[in-house]
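In what follows, a single structure is set out as structure tokens and then discussed.
The values are calculated or read from the model by the stated rules, or taken from the named source; none is laboratory data. Just so you know, these numbers come straight off a predicted model, no measurement behind them. Quick reminder, even Gly has a Cβ in these numbers, built from the backbone with ideal geometry, and neighbours come from all protein chains shown.
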Amino acid sequence: MTSRLFVPKDAAALAVGADEVVRALTQAAGKAGRRIEVVRTGSRGLFRLEPLVEVETDEGRIGYGPVSPDEVAELVAAGLFDGAEHRLRIGPPEALPFFARQTRLTFARCGIIDPLSLNDYRASGGFAGLEKARAMAPQAIVEAVKASGLRGRGGAGFPAGIKWETVLGASGARKYVACNADEGDSGTFADRMLMEGDPFLLIEGLLIAMRAVGAAKAFVYVRSEYPQAAQTMTEALTLCRGAGLLAEGDIEVRLGAGAYVCGEETAMLESLEGRRGQVRAKPPLPAHAGLFGQPTLVNNVLTLAAIPTILSAGPEAYAALGFGRSRGTAAVQLAGDVKNGGLFETPFGLTLGELVLQIGEGTESGRPIRAVQAGGPLGAYFPASLFDTPFDYEAFAAKDGLVGHGGLVVFNDTVDMAEQARFALEFCAVESCGKCTPCRLGAVRGVETVDRILAGRDPGASLELIRDLCDTMKFGSLCALGGLTPLPVLSALNHFPEDFRAPHEAAE
Amino acid sequence: MTPAPAPWDEARAAQIIRAHAGLEGALLPVFHALQAEFGCISDEAAALAAEILNISRAEAHGVLTFYHDFRRSPPGRHVLKLCRAEACQARGARTVEARVTGELGVGFGETTSDAAVTLLPAYCLGLCASGPAALLDERPVARLEGERLERLIRDARA
């Protein structure tokens, strides 16, 4: 009898030795005279368990993790291939509280199926949304997206249906769909996980979008820091092309080139056109004049990946989940110094404290939490006093923060918040596209000013200057890079003023 | 280990550029392909791309110099990208950064004198719950501490 094993090939599993574990498993099986088949899956998304090895048994899949290559021989001897007891045995992974508490719609298949098996995808309900959409008029698809209440998951939270309707109604010689997979925000990895773990879901969402807005070509702009995701997407598209599934038009993977600002939609369009990734002034909106001047639907990976479920299960089911005006599920990404780091898909509305303390179970280091940066490098630092804020676009905005792409980076009490504020400005200076002055110069001046405060040179006037600079950047920048860099800077200043004192002053 | 870059060959470069010239907005794919072949994009390569794609040399130069990924001179045998972003900072990236720069004797953007490795900063590799993280050539490495960090440094120097 052949034992079926499952080992992720998600980058986060590869990064801690998943390939070595597979090699060791094959060797150990050979020695034990056992036949095994290893299926390489995406990650289920609880990274402290990686590399996670699962074996198919009569009672379902049994997990062992984290498995290091040198433990494999011992595990096999203990009966890994039969799901036997061992200190690394975690039982059925889906029964762990971290997974049992989730509502997995977008990530339902991630970590479970072979991401490059069309049969697995179909057998688990894949392409049901596309089949429905193909029997619907474009306007009816748009109505369904509107009724679902889905908002753009890239960060801005703009109602997806309204955007789709605008592109559908726009006239142009041709139309495009551009999927933003330039997931540059620190603390986020959901797009990567999805592309590596369930690429057909994104392709299905893209095909539905192309049909709905009347586009005959789509691009997936993947950042170059994600070589595995780009590879898996490319292979998945080749399989779909070969199976004649790309009926709406071709989909092409494009690789970014290490510019954070290309995650901004207009900079991404410039980059797709083969130019410097400099942002465009809006209007015109990309929906009216986007890629090559044509009407273009720009959506994030998670927005498009939510579409198949919305169509197959019905928009009402999706809209029934959520909180306030944030409908459906959020892909919360727990990162930084957190015990249960990983992907937690849940309806909007849990509080920040529930997410990091109950789901995340606090820090991995065991130190107290001092701050949580929500929404990437342009998001605010939340102190523990704001942990009652519900995970919702409006609630986070009301606290001068943002949900962004759903990343939560946990910092313990060793963090120096002045250093973090300085880093936010330094990052903005490195990544500024240079088009508008507040961002290009403001970031550099900001770093200098923080340095002056920390050196104790005229701290009063320097603090005033930082606030003034942040005001200029917020209101005067063309895009979110300059416009939102003030959020981490000001939140650090407002919530952690004690860190902005010169060393001699702090010692007094 | 990545294959050693090929020496400059104008005919081969023209062939690569023409293979991508039909793409919409072809310049980034062209530059990626040239860099994959030759290790960097020399001024001659950029000029040739401009000529074949029928754009100005200034435009090609502008694109070449805008993106962090594109290099105008050859890198070391390995390229090590160390994540400097917040989630890795929260997990000790600054210590790893100090260790790696000290051990290799280079700063970000520099290549070791034996041309073994070019050290580059990365701002997020999407390994945010398993940091500190790095990308050695295209191989992700995470939880950089102890033996795994030592091995990364050894592999980078190889």
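For the reader, a short list of remarks on this structure follows.
- Among residues of region A:417-459 being in contact with a Lys or Arg (Cβ under 9 Å, 6 or more places away or on another chain) and among the acidic types (Asp, Glu), the one that is nearest to the other protein chains (Cβ to nearest Cβ) is A:Glu419.
- Within region A:121-146, the set of residues being among the small types (Gly, Ala, Ser) and either closer than 26 Å to A:Cys110 by Cα or not assigned by TED's automatic domain parsing to the domain that holds A:Leu304 (or both) comprises A:Ala123, A:Ser124, A:Gly125, A:Gly126, A:Ala128, A:Gly129, A:Ala133, A:Ala144.
- Yes/no for A:Val213 being touching a residue at least 40 places away in the same chain (Cβ under 8 Å), touching a helix residue (DSSP H, G or I) at 6+ places or on another chain (Cβ under 9 Å), within 14 Å of chain B (Cβ to nearest Cβ) and of a type outside the set (S, T, N, Q): no
- Verdict on B:Pro121 being in contact with a strand residue (DSSP E or B) (Cβ under 8 Å, 6 or more places away or on another chain), without any contact (Cβ under 8 Å) to a residue 24 or more places away in the chain, outside any loop (DSSP other than H, G, I, E, B) and closer than 16 Å to B:His78 by Cβ: no
- If you go through region A:43-63 and keep only what is in contact with a strand residue (DSSP E or B) (Cβ under 7 Å, 6 or more places away or on another chain) and either free of Cβ contacts under 8 Å to residues at least 24 places away in the same chain or within 15 Å of A:Glu20 (Cβ to Cβ) (or both), you end up with A:Glu50, A:Pro51, A:Leu52, A:Val53.
- Filter result for A:Gly362 (within 14 Å of chain B (Cβ to nearest Cβ), farther than 23 Å from A:Gly111 by Cα and either small (Gly, Ala, Ser) or without any contact (Cβ under 8 Å) to a residue 24 or more places away in the chain (or both)): yes
- Among the residues of this structure, A:Val72 counts as one that is buried (at least 23 other Cβ atoms within 10 Å of the Cβ), in contact (Cβ under 8 Å) with a residue 12 or more places away in the chain, part of a helix (DSSP H, G or I) and not polar (S, T, N, Q).
- Restricting attention to region A:177-209, the residues that are within 20 Å of A:Tyr121 (Cβ to Cβ) and within 14 Å of chain B (Cβ to nearest Cβ) add up to 9.
- If the condition is being outside any loop (DSSP other than H, G, I, E, B), within 11 Å of another protein chain (Cβ to nearest Cβ), out of contact with any Ser or Thr (no Cβ under 6 Å at 6 or more places or on another chain) and crowded, with 19+ Cβ neighbours inside 10 Å, then region B:57-97 contributes B:Ala60, B:Val63, B:Leu64, B:Phe66, B:Lys81, B:Cys83, B:Cys88, B:Gln89, B:Ala93.
- Residue among A:Arg104, A:Arg87 that is surrounded by 16 or more Cβ atoms within 10 Å (Cβ to Cβ) and either part of a loop (DSSP other than H, G, I, E, B) or at pLDDT 95 or above (or both): A:Arg104
- Selection status of A:Val53, crowded, with 24+ Cβ neighbours inside 10 Å and closer than 18 Å to A:Glu85 by Cβ: yes
- Cβ pairs under 7 Å, 6+ apart, first in region A:253-281 and within 7 Å of another protein chain (Cβ to nearest Cβ), second surrounded by 23 or more Cβ atoms within 10 Å (Cβ to Cβ) and among the basic types (Lys, Arg): A:Leu272/A:Arg254
- Failed criterion for A:Ser224 (all others in (1) more than 23 Å from the chain's Cα centre (by Cα); (2) among the small types (Gly, Ala, Ser); (3) within 10 Å of chain B (Cβ to nearest Cβ) hold): (1)
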